[in-house]
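J.: I'd like to ask some things about the structure below.
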Amino acid sequence: MSERILTELAESFGKLFMVGLKVSIPLTLAAFSTGLMIAFLVALVQITKIPVLKQLMRIYVWIIRGTPMIVQLFVVYFGLPNIGIRFSSFVSAWIVMSLSVGAYCSETVRAAIQSVPIGQLEACYCDGLSFWQAMIHVIVPQALRTAFPPLSNSIIGLVKDTSLAYNVALVEILATAQRIASRTYDYFWLYLEAGLIYLIFCSVLTVVQRKTEAWLERRR
Amino acid sequence: MYTLLNVNKKFGDNVVLKNVSLDVNQGDVVAILGPSGSGKTTLLRCAGYLTKADSGTLIMDDQQYDMKKISSRALRNYRRKVGFVFQTFNLYGNKTALGNVTLGLRVSQKMPKEQAEAIGKELLERVGLADRMDYYPSKLSGGQQQRVAIARALATNPEVVLFDEPTSALDPELTGEVLTVIKQLADEGRTMIVVTHEMEFARKVATRVVFMEDGEIVEENTAKEFFENPQKERTKEFIYKSTTWASVNQKDEEAAEALPQGE
């Protein structure tokens, strides 16, 4: 490795890292939080067995899980403009990834909610709480604890999935590496560096996951 | 002051409650006895609006509550006046003992934190758990959990407390501490309905005993009369079988020993 490449990598590292902080991570967090809300709604619809809505949710999960995310991205970013709906790269990626998280995590969340003994819900009722108050104060906090490890998996997967948004012209980590490399032709080193950036972000998340799990364990 | 009137309930084709009525006076401790499947727990759950009765009326403080259909407002008002203690405790796993007792006050009644905690602390002291307030349920024994559950049921200072087999899920050596707390409430004059299998408890603490079988009340009397002078054959048999196994068994053994050995 020449000195030139080292200097180049040192310079690009900061750029890639900042793009990660400014684009990939916000996209991950936005998509994950929206997706989690969708997952909760889908799970609650399944649990409470609301007629029609329940079937609709099944169809939604079926479609999202059965089609590649990159196809979904293309449909939203390149396809929707044909019928007059236009979203920016970031918003398109956000929509698609939220829907994906919602579909994949809904089953995790459903199982976690149902793992909380039904008697606690009855106790809430006797305490004068409504269904939603019981969910917020008692059921969901415990369900989240159960669902935490699988959900951590999902968010780590999501960090990496943000690279798919490269295909809909989002200037994220991979696209930035590509741009630099197309000037210097050091594709090998820059793509490795891009991988390293993802690895760093995912490692941080893994540590956060471990710490949080230990903290949750103390509170039960 | 607390009346259940003509309660009916079916699960599918299975009739669980047949027109059951029960009248409870202020300060009464009513023990509901009966074999498994007699409908006693279902009756209590209907009274707690945890199971919807097919028909029936609740009367409390001159107010009527339809047991099949009730507005959420009337239900909230009713639940403040009635406490419920479960067989399986059902403490909130994400709340400390104190958090369990105060949740209803804080969320349902919007009581300020300090005020709710003052009530919670006092109640936990009364059930002998002053030193366990910050413990999570998983760190408490079954008997302690049930005592927290009783403190929780008392948080709103209800006029009636319903107990659904409060000691059935406990190790035998832990039932005492729970029964002691319930007795203490009885001595304070708290109106209670207790579904139980504890004959001794019914005999010593209850003021009245109700015996149920096949969804009906077979016999109802003061505790003393019920045990000393049961009227119905079925009741006699139940009391005999439930209380005399040990002595009968012992007598049999003594008789066997007394038999002449060999021919």
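J.: Based on DSSP H runs of at least 4 residues, each adding -39500 (n - 2.57), what is the mean residue ellipticity at 222 nm of chain A after dividing by all its residues, to the nearest 500 deg cm²/dmol?
T.: Result for chain A: -25500 deg cm²/dmol, rounded to the nearest 500.
J.: Which lysines does residue B:232 reach when only Cα atoms under 27 Å apart count, and residues fewer than 8 places away in its own chain are ignored?
T.: Here the lysines satisfying the reach criterion relative to residue B:232 are B:9, B:10, B:18, B:40, B:204, B:224, B:241, B:251.
J.: Let me ask something else. Any chance you could give the angle, 0 to 90 degrees and rounded to 10, that helix B:72-81 forms with the longest Cα principal axis of chain B?
T.: 60 degrees
J.: Given points 7 Å out from each Cα along the Cα-Cβ axis, report the residue B:243 to residue B:131 separation in nanometres with one decimal.
T.: 3.7 nm
J.: Taking each residue of B:99-110 in turn, how many C-beta atoms of other protein chains fall within 10 Å of its C-beta, and what is the average?
T.: For peptide B:99-110, the averaged partner shielding equals 4.
J.: Could you work out the mean count of beta carbons from other protein chains within 10 Å of each residue's beta carbon in B:66-76? Could the numbers behind the result be given before it?
T.: Numbers: counts 0, 0, 0, 0, 0, 0, 1, 0, 0, 3, 3.
Counting other chains' Cβ atoms within 10 Å and averaging over B:66-76 gives 1.
J.: Dipole magnitude of region A:3-218 about its Cα centre, charges +1 at Lys/Arg Cβ and -1 at Asp/Glu Cβ only, in debye to the nearest 20? Present the calculation step by step, with values, prior to reporting the outcome.
T.: On the way: 16 positive and 12 negative charges, 76 e Å.
Taking the Cα centre of region A:3-218 as origin, the dipole is about 360 debye.
J.: How would you classify region B:56-182 from its alpha-carbon gyration tensor, with a ≥ b ≥ c the square roots of the eigenvalues: rounded for a/c under 1.5, else prolate if a/b is greater than b/c, otherwise oblate?
T.: Verdict is oblate for region B:56-182.
J.: Using helices alone, what [θ] at 222 nm do you get for chain B, with -39,500 (n - 2.57) per DSSP H run of 4 or more residues, divided over all residues and rounded to the nearest 500?
T.: -12000 deg cm²/dmol
J.: Let me ask something else about it. Taking 0.36 nm per residue of sequence separation and subtracting the Cα-Cα distance, how much length would be gained by fully extending the chain between residue A:220 and residue A:184, in nm to one decimal?
T.: So the extension gain works out to 7.5 nm.
J.: What is the magnitude of the charge dipole of the protein assembly as shown about its Cα centre, with +1 placed on the Cβ of each Lys and Arg, -1 on the Cβ of each Asp and Glu, and no other charges, expressed in debye to the nearest 20?
T.: Its charge dipole is roughly 2340 debye.
J.: In terms of Cα to Cα distance under 30 Å, which lysines are near enough to residue B:110, apart from those fewer than 8 places away along the same chain?
T.: Partners found: B:52, B:68, B:69, B:81, B:95, B:121, B:139.
J.: So, one more: Once you put a point 7 Å from the Cα of residue B:66 and another 7 Å from the Cα of residue A:15, both along the Cβ direction, what distance in nm separates them?
T.: Rounded to a tenth, the inter-label distance reads 7.3 nm.
J.: Which stretch or stretches of region A:171-205 have amide N atoms under 20 Å from the point lying 7 Å from residue A:4's Cα along the Cα→Cβ direction?
T.: A:177-193, by backbone N distance to the label point.
J.: For peptide B:83-93, what's the mean number of Cβ atoms from other chains within 10 Å of each residue's Cβ?
T.: Numbers: counts 2, 5, 2, 5, 1, 5, 4, 9, 5, 11, 10.
For this peptide, the per-residue mean of nearby foreign Cβ atoms is 5.
J.: What does DSSP give for the protein assembly as shown in terms of the percent of beta bridges that are antiparallel, rounded to the nearest 5? List each step's numbers first, then the result.
T.: On the way: 22 of 39 bridges.
Around 55 percent antiparallel, to the nearest 5.
J.: Something else: Of the residues A:124, A:105, A:202, which exhibits the maximal mean-square fluctuation in a Gaussian network model of chain A defined by a 10 Å Cα contact cut-off?
T.: Evaluated over chain A, the most mobile residue of the options is A:124.
J.: Give the residue list of chymotrypsin sites (Phe, Trp or Tyr not before Pro) in region A:74-137 that are DSSP loop and have at most 11 other beta-carbon atoms within 10 angstrom.
T.: For chymotrypsin sites (Phe, Trp or Tyr not before Pro) across region A:74-137 that sit outside H, G, I, E and B with at most 11 neighbouring Cβ atoms in 10 Å, the list is empty.
J.: Shifting gears a bit: In nm, to one decimal, how far is the residue A:171 label point from the residue A:29 one, both placed 7 Å along Cα→Cβ?
T.: Simple spin-label model gives 2.1 nm for this pair.
J.: Round to the nearest 0.05 the FRET efficiency obtained for residue B:216 and residue A:131 when R0 = 35 Å and r is the Cβ-Cβ distance.
T.: Using R0 = 35 Å, I get an efficiency of 0.55.
J.: Once the Cα atoms of region A:3-218 are picked out, what are the Rg and Dmax in Å?
T.: When restricted to the Cα atoms of region A:3-218, Rg and Dmax are 20.6, 72 Å.
J.: Helices from chain A with mean Kyte-Doolittle at least 1.6 and a Cα length along the axis of 27 Å or more, per DSSP H: which?
T.: A:25-48
J.: Below 8 Å, C-alpha to C-alpha, sequence gap of six or more: please give me the relative contact order for chain B in percent. Don't skip to the end; give the middle numbers.
T.: Values: 448 pairs, mean separation 64.3, N = 263.
Averaging sequence separation for qualifying contacts and normalising by length gives 24 percent for chain B.
Only the coordinates and a few stated rules stand behind these numbers; no lab work does. Quick caveat, the model's predicted, so the values are computed rather than measured. Every residue, glycine among them, receives a Cβ derived from its backbone with ideal geometry; neighbour counts consider all protein chains shown.
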